[in-house]
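*Asks:* Sending over a structure as structure tokens; questions will come in a sec.
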There are 2 protein chains.
Amino acid sequence: MNQSAPIGVFDSGIGGLTVVREILGHMPSEGVVYLGDTARVPYGIRSPETIKRYAREGIRFLLAEGIKFLVIACNTVSAVGLDDISSDIDVPVVGVLEPGAKAAAESTENGKVGVIGTAATIKSRSYIRAIRAFRGDVEVEARACPLFVPLVEEGWLDGEVPELAASKYLGGLKSKGIDTLVLGCTHYPLLKPVISRVMGPEVKLIDSAAETAREVSSQLAARGLESAGGKTPLRKFYVTDSPEGFTAVGERFLGAAIENIKKVQLEVIR
Amino acid sequence: MNQSAPIGVFDSGIGGLTVVREILGHMPSEGVVYLGDTARVPYGIRSPETIKRYAREGIRFLLAEGIKFLVIACNTVSAVGLDDISSDIDVPVVGVLEPGAKAAAESTENGKVGVIGTAATIKSRSYIRAIRAFRGDVEVEARACPLFVPLVEEGWLDGEVPELAASKYLGGLKSKGIDTLVLGCTHYPLLKPVISRVMGPEVKLIDSAAETAREVSSQLAARGLESAGGKTPLRKFYVTDSPEGFTAVGERFLGAAIENIKKVQLEVIR
């Protein structure tokens, strides 16, 4: 495997850029090729079968770009079918679910953890299984929050509407006395202030982007795949719908300029 | 053209069933084949180019079903490219935009009309052009309401969250003194009580589903394409993602049972 090859990052849309941000923060000399399937986003409202097909189509594209390592930066894909999808891939694969689940299992003191995510993520029960795999005695309460993604996309990150929506979604979790809440969707960290206000300061929020970047870093090291540095590392962004719109919002997620961006049409798997 | 052939109805998802409901109410002996592109819904957040490609793929499928008439029951598709899409189709085509625009131009007394819809619909300015084509002196104020579709899909049709969202979106339209508001998205009629409460009883709401059904009826008559009746008319529903979920919500939109439903994968146009 070529150490100078880039890391591939796949997401259903724009949210995975928060993971790229953490990767670049931890490993600035690594190259990154990002694919956001913006022509078919959001995935969280679709069936597992369709989500897995879309993910396979995106991953095939990234593999053809010559990546050395694959990050599935989408909680929905990580939750419904990482095992199915990654079984026949010849580069190491990391999703965002395991690192977040591990952090939650390590963080909780009272053994009560909450998880929020898209409808597909919560329905899969993957977070519950993953957290319990790290620590069997943890009680996990899960809740889908379908309006959070549209709220973030609309830029309504603060104010009465997100606050009321958060109260409706999170009231039940709060009353269970959880001390740790996994933000199981890459959009949700942008609602952190609102979520934190509703849950109270005693509840720790787990953002899987940072946890995932740490996992990527340690796996690259363990496999001897770290970039040796030297020339300017690759930054390449692909989207399946028009880059217009993506760039402006994407730069807010990434915390940096998006320059090398291109629209592609994915090959369909029948 | 075969009078006993069904009417084809295309939509990005589930909302077009409100149009089917009106068609079946007005013309119960007509057969209907519906296609909802649920694997790629929503269209209103995408670029015109992608919306037109998706619509072409869906329409090609419906034409192969042997339809005699095509209804584009999606405001976004009707707004961004009905002319482009329908130019090479050999059956008559009706969208939901013209009938709603005509009804608004006829309804307004003070010459001030509001239009609400998805981001793509409003950005296209098609409603403004269409209303002015019917009556040149009408002032049209348009506003995108991106959260309305997710609110309806989530089933939050009443209560504080939709009420506050409606106040945020509609405040500007209200202050312009409009007397007519076009609900330029097939999801919006389900929010009618909330929208009406925010706008006040003096503002007339135009729901294009009923107007479109009237237009279909009069065009079928004018072209001698009306069904002669007799045998039980066809009711067939196709979706591109799992029918599970679609059926339950769809029956609320349709006001009737959905029985003959099947998942299909559309041929991609490159």
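*Asks:* Kindly state, as a whole number, the per residue volume in cubic angstrom of the convex hull around the alpha carbon atoms of the protein assembly as shown.
*Replies:* Working: hull volume 81.1 nm³, N = 540.
Taking only Cα atoms, the protein assembly as shown has a hull volume of 150 Å³ per residue.
*Asks:* At 1.4 Å probe size, with every protein chain present, just tell me what the per residue accessible area of the protein assembly as shown comes to in Å².
*Replies:* Working: 21300 Å² over 540 residues.
Averaged over the residues of the protein assembly as shown, the accessible area is 39 Å².
*Asks:* Of the candidates A:ALA165, A:ALA222, A:ALA119, which one comes out as most mobile in a Gaussian network treatment of chain A with C-alpha springs shorter than 10 Å?
*Replies:* Evaluated over chain A, the most mobile residue of the options is A:ALA222.
*Asks:* Using DSSP to define loop residues, name the trypsin sites (Lys or Arg not before Pro) in segment A:97-189 whose beta-carbon has at most 14 other beta-carbon atoms within 10 Å.
*Replies:* A:ARG125, A:LYS176
*Asks:* So, one more: Mind checking which chain A residue has its Cβ closest to the axis relating A to B, and how many whole Å off it is?
*Replies:* Checking which Cβ lies nearest the axis yields A:PRO150, 2.
*Asks:* Follow-up question, since we're still on this one. Would you kindly work out, in nm and rounded to one decimal, the distances from the label point of A:ARG223 to those of the same position in each other copy, ordered shortest first, with label points 7 Å along Cα-to-Cβ?
*Replies:* A:ARG223 label point versus its equivalents elsewhere: 5.7 nm.
*Asks:* Right, another one. How far is B:VAL268 from itself in the other copies, in nm, if each label sits 7 Å out from Cα along the Cα-Cβ line, shortest first?
*Replies:* Spelled out, the distances from B:VAL268's label point are 0.8 nm.
*Asks:* Run through the other copies and list how far each one's label point is from that of A:SER242, in nm with one decimal, shortest first; the point sits 7 Å from Cα along Cα-Cβ.
*Replies:* Ordered by distance, the counterparts are at 3.3 nm.
*Asks:* How far is the Cα center of segment B:1-75 from the Cα center of segment A:42-88, in Å?
*Replies:* After rounding, the separation between the Cα centres reads 30 Å.
*Asks:* Shifting gears a bit: Which values of log₁₀ I(q)/I(0), to two decimal places, follow from the Debye formula for segment B:35-123 at q = 0.14 Å⁻¹ with a uniform point scatterer at every Cα?
*Replies:* At q = 0.14 Å⁻¹ the computed log10 ratios are -0.53.
*Asks:* Still on this model: For labels at B:LEU234 and A:ASP83 in the simple 7 Å Cα→Cβ model, what's the distance in nm?
*Replies:* 4.3
*Asks:* With a 1.4 Å probe and all protein chains left in place, how much of the accessible area of the protein assembly as shown comes from carbon and sulfur atoms, in whole percent? Mind dumping the intermediate values first?
*Replies:* Values: 10290 of 21300 Å².
Carbon and sulfur together cover 48 percent of it.
*Asks:* Follow-up question, since we're still on this one. When the dipole is taken about the Cα centre of the protein assembly as shown, and only Lys, Arg (+1) and Asp, Glu (-1) are charged at their Cβ, what size is it in debye, to the nearest 20?
*Replies:* Details: 62 positive and 66 negative charges, 72 e Å.
Dipole size: approximately 340 debye.
*Asks:* Additional query: Translational diffusion coefficient, Stokes-Einstein: compute it for chain B using the Kirkwood radius over C-alpha pairs as Rh, at 20 °C and 1.002 mPa s, and state it as an integer in µm² s⁻¹.
*Replies:* Values: Rh = 18.6 Å.
Calculated translational D: 115 µm²/s.
*Asks:* How big is D, in µm² s⁻¹, for segment A:98-208 by Stokes-Einstein at 10 °C and 1.306 mPa s if Rh is the Kirkwood radius over C-alpha pairs?
*Replies:* For the chosen part, D equals 116 µm²/s.
*Asks:* Along the charge dipole of the protein assembly as shown, Cβ charges K/R +1 and D/E -1, which of B:LEU173, B:LEU191, A:VAL91 sits furthest on the positive end?
*Replies:* With unit charges placed on the Cβ atoms, the residue in question is A:VAL91.
*Asks:* Find the sum over both chains of the accessible area lost when B and A are paired, probe 1.4 Å, and report it in Å² to the nearest 100.
*Replies:* Details: alone 12090 and 12090 Å², together 21300 Å².
What B and A bury together is about 2900 Å².
*Asks:* Which value, in debye to the nearest 20, gives the size of the charge dipole of segment B:98-208 about its Cα centre, when Lys and Arg are +1 and Asp and Glu are -1 at the Cβ?
*Replies:* Numbers: 14 positive and 14 negative charges, 87 e Å.
Dipole size: approximately 420 debye.
The values are calculated or read from the model by the stated rules, or taken from the named source; none is laboratory data. None of these values were measured; they are calculated from a predicted model. So basically every Cβ, Gly included, is an ideal-geometry build from the backbone, and we count neighbours across all protein chains shown. The accessibility values were calculated without ligands, DNA or RNA, using every heavy atom of the protein model including side chains. Shrake-Rupley method; radii C 1.70, N 1.55, O 1.52, S 1.80 Å.
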